[in-house]
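Any read-out appearing in this document is the output of simple, stated calculations on the displayed coordinates, not a laboratory observation. Given the structure is predicted, the values throughout are model-derived calculations rather than measurements. Counting neighbours? That spans all protein chains shown, and the Cβs are built from the backbone with ideal geometry, glycine included.
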Amino acid sequence: MRRLAAFTALATLLLAGCGGGDDEDTPAPAVTVGAGEELKVVGREYSFDPENVVVTGGGGKVKITLDNQGSLAHNLKIEEGDRDLGGTPTFPGGDARSGTVNLKPGSYTMICTVGNHADLGMVGKLEVK
C-alpha cells in the first residue's frame, strides 16, 4: 500500500510539471555578455534570439551583430524611450551586419524598425549593468 501511495504521489508531481500551461507570460532567459564582447543576435520573422540581454561591465561601446535568418529585410536598433541610439542598418535576409552603440548603465529596447515588425513581436530587452 505504501508503494502505491508513493508511486501515485510521484506520478502526480511529474504530471503536474508537464502541464500544458501558457508560457507567454514567462520572460525568456537573459543572455549575459561582458563589456567589450560582441553581442550576436539572430533575427527571423518576427523575433530576436536572444530576446533578453544583459551587458555587464558598466557600459561603453557595444558591438551588435544581427544575423538575419529570415526571408525579409530586418534591422536591430537600440532605443531608450523614443530615442534611437543606433544599431544595425536594414538589410535583406540571409546576411549579417553589425553596428556599434555607446551605452550607459540602464535599460534599453532592442527593436526592428522595419514596417510593423515590432508590433509582430520583433522586440527585446537589453540591460547594461
Query - Label point distance in nm, Ala28-Asp82, each placed 7 Å from Cα along Cα→Cβ - result: 2.7
Requested in this report: Would you mind ranking His117, His74 by Cβ crowding within 10 Å, fewest neighbours first?
Outcome: His117, His74
